[in-house]
1. Tell me which residues, restricted to region 33-50, are under 12 Å from V96 (Cβ atoms) and in contact (Cβ under 8 Å) with a residue 12 or more places away in the chain.
2. Which pairs turn up if I take residues in region 65-88 that are without any contact (Cβ under 8 Å) to a residue 24 or more places away in the chain and look for partners that are exposed (fewer than 14 other Cβ atoms within 10 Å of the Cβ) and not charged (D, E, K, R) with beta carbon separation below 9 Å, at least 6 apart in sequence or on another chain?
3. Search region 31-54 for residues being more than 14 Å from the chain's Cα centre (by Cα) and within 15 Å of K94 (Cβ to Cβ), and hand back the single one that is modelled with the lowest pLDDT.
4. Looking at (1) within 27 Å of P54 (Cα to Cα); (2) outside any strand (DSSP E or B); (3) modelled with pLDDT of 95 or more; (4) of a type in the set (S, T, Y), which one does S149 not meet, given that it meets all the others?
5. Looking at the structure I just gave you, is A109 farther than 21 Å from M48 by Cα and modelled with pLDDT of 95 or more?
6. Only one of these is modelled with pLDDT of 95 or more, crowded, with 17+ Cβ neighbours inside 10 Å, more than 15 Å from the chain's Cα centre (by Cα) and under 21 Å from I25 (Cβ atoms): V96, V82. Name it.
7. Would region 14-33 turn up any residue that is in a loop (DSSP other than H, G, I, E, B), of a type in the set (A, V, I, L, M, F, W, C) and within 26 Å of L143 (Cβ to Cβ)?
8. Can you give me the ranges of the helices (runs of 4 or more DSSP H) entirely in region 50-133 with at least 1 residues that are acidic (D, E)?
Amino acid sequence: MPKQPKSDVLTDLVLEVFRLNGRLIAAGDALVAGIDLTSARWQVIGAMAKDARPVAHIAHAMGLTRQSVQRIVDELAVAGFVSFQPNPHHKRAKLVSLTSKGIAAADAAMRLQKPWADALAAVADRQALETTLQTLARLRAHLEDTAPSGEIP
């Protein structure tokens, strides 16, 4: 039987990543539901790294559109997890910062995530995980480098 072309293997990998992403979002939602977060909210809080940043910077770090991150940031503000501060570098692009409630939620989410990640990591050996990480990072970097005007396709 002939070997599958490399592009077909990549397509299978992409489809598996999509399926995995769906499962990770569902697992993340379940993991942080008790602290009034969703996977989307948790991702935004995590991308802020406890430093005040404009929505556009958060979106860029996440590889998402500014509009989608703005919607989540607005939800987080209503829930009291973030606040908006003046930005000395840009009049209209406010800085988003974690409130004490946001910091506490981020810390709680990471405490929940650690044992979950330990259990999930047990299904693969370290070398396989490292190789997968390197491969996915290389593919992402290539897409970022070749996207027109720096946008993620």
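The values are calculated or read from the model by the stated rules, or taken from the named source; none is laboratory data. Source: prediction; values computed, not measured. All Cβ positions, even for glycine, are placed from backbone atoms using ideal geometry, and neighbour counts span all protein chains on display.
1. If we filter region 33-50 for residues that are under 12 Å from V96 (Cβ atoms), which is where we start, we get 44-45, 47-50.
If the condition is that a residue be under 12 Å from V96 (Cβ atoms) and in contact (Cβ under 8 Å) with a residue 12 or more places away in the chain, then V44, I45, A47, M48, K50 are the ones that fit.
2. Close Cβ pairs (under 9 Å, with a partner that is exposed (fewer than 14 other Cβ atoms within 10 Å of the Cβ) and not charged (D, E, K, R)) amount to T65/I152.
3. Applying the first criterion (more than 14 Å from the chain's Cα centre (by Cα)) to region 31-54 yields 31-36, 50-54.
From what is left, the residues that are within 15 Å of K94 (Cβ to Cβ) are 51-54.
On the way: D51: 85, A52: 90, R53: 92, P54: 93.
Restricting to residues being more than 14 Å from the chain's Cα centre (by Cα) and within 15 Å of K94 (Cβ to Cβ), the top hit is D51.
4. (3)
5. Numbers: farther than 21 Å from M48 by Cα: no; modelled with pLDDT of 95 or more: yes.
For A109, the condition - farther than 21 Å from M48 by Cα and modelled with pLDDT of 95 or more - is not met.
6. On the way: V96 fails: under 21 Å from I25 (Cβ atoms).
None of the others qualify; the one that does is V82.
7. Going through region 14-33, the residues in a loop (DSSP other than H, G, I, E, B) turn out to be none.
Within region 14-33, none of the residues are in a loop (DSSP other than H, G, I, E, B), of a type in the set (A, V, I, L, M, F, W, C) and within 26 Å of L143 (Cβ to Cβ).
8. Values: elements: 55-62, 66-78, 100-121.
Because the criterion is at least 1 residues that are acidic (D, E), the helices (runs of 4 or more DSSP H) in region 50-133 that meet it are 66-78, 100-121.
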